[in-house]
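Have a look at the structure below, then the notes.
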Amino acid sequence: MRVYVPLTLPALSQAHGTGELGPAPFDAYAVTAGLRAWWGSENPEDEEELEYAALGLAASASLRSLARDAGAGRRRVVVVAEAPDALVRSEERDGVDGRSEREEDAASVGRVRLTAAVPMSKAAAVHLDAEDAVEAVTAAVEALPAAAGGDERAQAVVDGADDHELLWFATQEIPALIS
(Lines give C-alpha, C1' and ligand atoms only; values in the text may rest on other atoms or scores of the structure.)
Protein backbone atom coordinates (compact mmCIF):
# COMPACT_ATOMS: atom_id res chain seq x y z
CA MET A 1 0.00 0.00 0.00
CA ARG A 2 1.25 3.47 -0.81
CA VAL A 3 1.54 5.52 2.38
CA TYR A 4 2.32 9.18 2.97
CA VAL A 5 4.44 9.63 6.08
CA PRO A 6 4.44 13.11 7.66
CA LEU A 7 7.83 14.15 8.99
CA THR A 8 9.97 17.14 9.87
CA LEU A 9 13.47 17.75 8.50
CA PRO A 10 15.10 16.34 11.70
CA ALA A 11 12.86 13.26 11.45
CA LEU A 12 13.82 12.85 7.76
CA SER A 13 17.47 13.07 8.77
CA GLN A 14 16.92 10.42 11.43
CA ALA A 15 15.10 8.13 8.98
CA HIS A 16 17.91 8.55 6.48
CA GLY A 17 20.49 7.77 9.16
CA THR A 18 18.72 4.66 10.47
CA GLY A 19 17.61 3.51 7.03
CA GLU A 20 13.99 3.20 8.07
CA LEU A 21 10.78 5.11 8.68
CA GLY A 22 9.63 4.55 12.21
CA PRO A 23 9.93 3.40 14.91
CA ALA A 24 6.68 1.52 14.94
CA PRO A 25 3.93 2.07 15.53
CA PHE A 26 3.58 5.34 13.66
CA ASP A 27 0.91 7.17 11.72
CA ALA A 28 0.78 7.81 7.99
CA TYR A 29 -1.93 8.59 5.46
CA ALA A 30 -3.23 6.49 2.60
CA VAL A 31 -6.14 6.17 0.22
CA THR A 32 -8.60 4.42 2.51
CA ALA A 33 -12.33 3.74 2.33
CA GLY A 34 -12.84 6.65 4.73
CA LEU A 35 -10.83 8.99 2.51
CA ARG A 36 -12.83 7.88 -0.52
CA ALA A 37 -16.09 8.58 1.34
CA TRP A 38 -14.84 11.94 2.64
CA TRP A 39 -13.64 12.92 -0.83
CA GLY A 40 -16.94 11.69 -2.25
CA SER A 41 -15.45 9.32 -4.80
CA GLU A 42 -15.74 5.64 -5.42
CA ASN A 43 -14.50 6.10 -8.99
CA PRO A 44 -11.19 4.24 -9.59
CA GLU A 45 -10.24 6.93 -12.10
CA ASP A 46 -9.99 9.42 -9.22
CA GLU A 47 -7.03 7.54 -7.70
CA GLU A 48 -4.55 10.31 -8.53
CA GLU A 49 -6.80 12.92 -6.89
CA LEU A 50 -7.20 10.70 -3.84
CA GLU A 51 -3.44 10.23 -3.56
CA TYR A 52 -3.04 14.01 -3.76
CA ALA A 53 -5.60 14.33 -0.95
CA ALA A 54 -3.64 11.81 1.17
CA LEU A 55 -0.48 13.83 0.50
CA GLY A 56 -2.26 17.00 1.64
CA LEU A 57 -3.47 15.32 4.82
CA ALA A 58 0.07 14.16 5.55
CA ALA A 59 1.35 17.70 4.92
CA SER A 60 -1.15 18.98 7.51
CA ALA A 61 0.08 16.35 9.96
CA SER A 62 3.66 17.46 9.26
CA LEU A 63 2.59 21.01 10.13
CA ARG A 64 1.25 19.76 13.47
CA SER A 65 4.56 17.93 14.05
CA LEU A 66 6.42 21.19 13.43
CA ALA A 67 4.33 22.78 16.19
CA ARG A 68 5.64 20.13 18.62
CA ASP A 69 9.29 20.61 17.55
CA ALA A 70 10.38 24.21 18.02
CA GLY A 71 13.87 23.45 16.70
CA ALA A 72 12.78 21.94 13.40
CA GLY A 73 13.14 23.96 10.22
CA ARG A 74 9.77 25.32 9.21
CA ARG A 75 9.24 23.17 6.13
CA ARG A 76 6.65 20.41 5.84
CA VAL A 77 8.03 17.00 4.83
CA VAL A 78 6.15 13.97 3.52
CA VAL A 79 7.82 10.71 2.50
CA VAL A 80 5.91 8.52 0.07
CA ALA A 81 6.62 4.83 0.61
CA GLU A 82 5.31 1.42 -0.34
CA ALA A 83 4.44 -0.57 2.78
CA PRO A 84 3.29 -4.19 2.85
CA ASP A 85 -0.47 -4.32 3.41
CA ALA A 86 0.11 -6.54 6.46
CA LEU A 87 1.89 -3.64 8.21
CA VAL A 88 -0.87 -1.09 7.58
CA ARG A 89 -3.78 -0.88 9.99
CA SER A 90 -6.73 1.30 9.23
CA GLU A 91 -8.64 2.37 12.31
CA GLU A 92 -11.75 3.19 10.31
CA ARG A 93 -14.93 1.39 11.29
CA ASP A 94 -18.31 1.72 9.70
CA GLY A 95 -20.74 3.57 11.91
CA VAL A 96 -24.43 2.89 12.25
CA ASP A 97 -25.29 5.16 9.34
CA GLY A 98 -22.63 3.59 7.09
CA ARG A 99 -20.21 6.48 7.43
CA SER A 100 -16.81 5.95 8.91
CA GLU A 101 -16.57 7.18 12.48
CA ARG A 102 -13.52 9.11 11.33
CA GLU A 103 -15.42 11.10 8.70
CA GLU A 104 -16.35 13.71 11.26
CA ASP A 105 -12.69 14.51 11.96
CA ALA A 106 -10.95 15.66 8.78
CA ALA A 107 -7.54 15.40 10.46
CA SER A 108 -7.98 11.65 10.87
CA VAL A 109 -9.50 10.83 7.48
CA GLY A 110 -7.12 8.55 5.63
CA ARG A 111 -4.90 8.07 8.66
CA VAL A 112 -3.42 4.62 9.06
CA ARG A 113 -1.06 3.11 11.59
CA LEU A 114 2.03 1.21 10.52
CA THR A 115 2.85 -1.64 12.88
CA ALA A 116 6.51 -2.01 11.87
CA ALA A 117 9.25 0.23 10.58
CA VAL A 118 9.43 0.64 6.80
CA PRO A 119 12.86 0.46 5.16
CA MET A 120 13.88 3.68 3.42
CA SER A 121 14.57 1.49 0.39
CA LYS A 122 10.75 1.33 0.07
CA ALA A 123 10.51 5.13 -0.11
CA ALA A 124 9.45 6.33 -3.55
CA ALA A 125 9.84 10.10 -3.11
CA VAL A 126 10.08 12.99 -0.68
CA HIS A 127 7.81 16.02 -0.81
CA LEU A 128 9.15 19.17 0.85
CA ASP A 129 8.24 22.84 1.07
CA ALA A 130 10.40 25.23 -0.94
CA GLU A 131 12.34 27.91 0.92
CA ASP A 132 9.75 30.51 -0.11
CA ALA A 133 7.12 28.66 1.94
CA VAL A 134 9.00 29.00 5.25
CA GLU A 135 7.32 32.29 6.20
CA ALA A 136 3.80 30.95 5.55
CA VAL A 137 4.55 27.64 7.29
CA THR A 138 6.01 29.48 10.30
CA ALA A 139 2.90 31.65 10.53
CA ALA A 140 0.69 28.57 10.20
CA VAL A 141 2.53 26.78 13.02
CA GLU A 142 2.08 29.83 15.26
CA ALA A 143 -1.63 30.06 14.37
CA LEU A 144 -2.43 26.38 15.03
CA PRO A 145 -3.50 26.76 18.69
CA ALA A 146 -5.90 29.61 17.93
CA ALA A 147 -7.24 27.80 14.86
CA ALA A 148 -7.88 24.70 16.97
CA GLY A 149 -9.89 26.95 19.29
CA GLY A 150 -12.16 28.03 16.43
CA ASP A 151 -10.52 31.33 15.46
CA GLU A 152 -11.41 31.73 11.77
CA ARG A 153 -8.63 34.24 11.05
CA ALA A 154 -6.08 31.88 12.54
CA GLN A 155 -7.54 29.05 10.45
CA ALA A 156 -7.06 31.18 7.33
CA VAL A 157 -3.38 31.58 8.28
CA VAL A 158 -3.06 27.81 8.76
CA ASP A 159 -4.76 27.23 5.41
CA GLY A 160 -2.29 29.68 3.86
CA ALA A 161 0.45 27.07 4.14
CA ASP A 162 -1.53 24.98 1.64
CA ASP A 163 -1.08 27.74 -0.93
CA HIS A 164 2.48 26.43 -1.24
CA GLU A 165 2.81 23.21 -3.20
CA LEU A 166 5.22 20.67 -1.82
CA LEU A 167 8.12 20.02 -4.17
CA TRP A 168 8.95 16.49 -5.32
CA PHE A 169 12.40 15.04 -4.73
CA ALA A 170 13.89 11.65 -5.56
CA THR A 171 15.06 9.66 -2.56
CA GLN A 172 18.65 9.98 -3.83
CA GLU A 173 18.35 13.72 -3.07
CA ILE A 174 17.71 13.22 0.66
CA PRO A 175 21.35 13.86 1.70
CA ALA A 176 21.20 17.31 0.04
CA LEU A 177 17.81 18.05 1.61
CA ILE A 178 18.96 17.34 5.16
CA SER A 179 22.38 19.02 4.94
**Report entry** Members of region 114-140 that are within 24 Å of GLU165 (Cβ to Cβ) and in a strand (DSSP E or B)
**Finding:** ALA123, ALA124, ALA125, VAL126, HIS127, LEU128
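Taking the condition of being out of contact with any His (no Cβ under 8 Å at 6 or more places or on another chain), closer than 16 Å to LEU66 by Cβ and among the aliphatic types (A, V, I, L, M), how many residues in region 147-171 meet it?
Residues flagged as out of contact with any His (no Cβ under 8 Å at 6 or more places or on another chain), closer than 16 Å to LEU66 by Cβ and among the aliphatic types (A, V, I, L, M) within region 147-171 amount to 6.
Within region 79-100, take every residue that is in a strand (DSSP E or B) and farther than 24 Å from ALA170 by Cβ and give me the one that is modelled with the lowest pLDDT.
SER100
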**Report entry** Selection status of ALA53, assigned to a strand (DSSP E or B) and under 16 Å from VAL109 (Cβ atoms)
**Finding:** no
Query raised in the report: For region 54-81, which residues satisfy the criterion of being surrounded by fewer than 21 Cβ atoms within 10 Å (Cβ to Cβ) and over 20 Å from ALA15 (Cα atoms)?
Result: GLY56
Requested in this report: Go through (1) over 12 Å from LEU128 (Cα atoms); (2) of a type outside the set (Gly, Ala, Ser); (3) assigned to a helix (DSSP H, G or I) and name the single condition VAL31 misses.
Outcome: (3)
**Report entry** Hits in region 34-50 (condition: hydrophobic (A, V, I, L, M, F, W, C) and either surrounded by fewer than 15 Cβ atoms within 10 Å (Cβ to Cβ) or assigned to a loop (DSSP other than H, G, I, E, B) (or both))
**Finding:** none
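Conditions (1) among the aliphatic types (A, V, I, L, M); (2) touching a Phe, Trp or Tyr at 6+ places or on another chain (Cβ under 7 Å), marked per residue:
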site: TYR4; (1), (2): no, yes
site: THR18; (1), (2): no, no
site: PHE26; (1), (2): no, no
site: ARG36; (1), (2): no, no
site: ASP46; (1), (2): no, no
site: ALA58; (1), (2): yes, yes
Query raised in the report: Cβ-Cβ below 7 Å, separation at least six or inter-chain, first residue in region 67-90 and within 21 Å of LEU166 (Cβ to Cβ), second aromatic (Phe, Trp, Tyr): which pairs?
Result: VAL78/TYR4; VAL80/TYR4
Report summary line: All conditions in (1) of a type in the set (Gly, Ala, Ser); (2) touching a helix residue (DSSP H, G or I) at 6+ places or on another chain (Cβ under 6 Å); (3) within 26 Å of ALA139 (Cβ to Cβ) are true of SER60 except (2)
Query raised in the report: What pairs can you find where one residue is in region 129-152 and in contact (Cβ under 8 Å) with a residue 24 or more places away in the chain, the other is in a helix (DSSP H, G or I) and not aliphatic (A, V, I, L, M), and their Cβ atoms are less than 6 Å apart, with a gap of 6+ or different chains?
Result: ALA136/GLY160
Report task. Just give me the residues in region 114-129 being in contact with an Asp or Glu (Cβ under 8 Å, 6 or more places away or on another chain) and within 25 Å of GLN155 (Cβ to Cβ), in sequence order. Result -> none
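The values are calculated or read from the model by the stated rules, or taken from the named source; none is laboratory data. Model, not experiment: these values are computed from the prediction. So basically every Cβ, Gly included, is an ideal-geometry build from the backbone, and we count neighbours across all protein chains shown.
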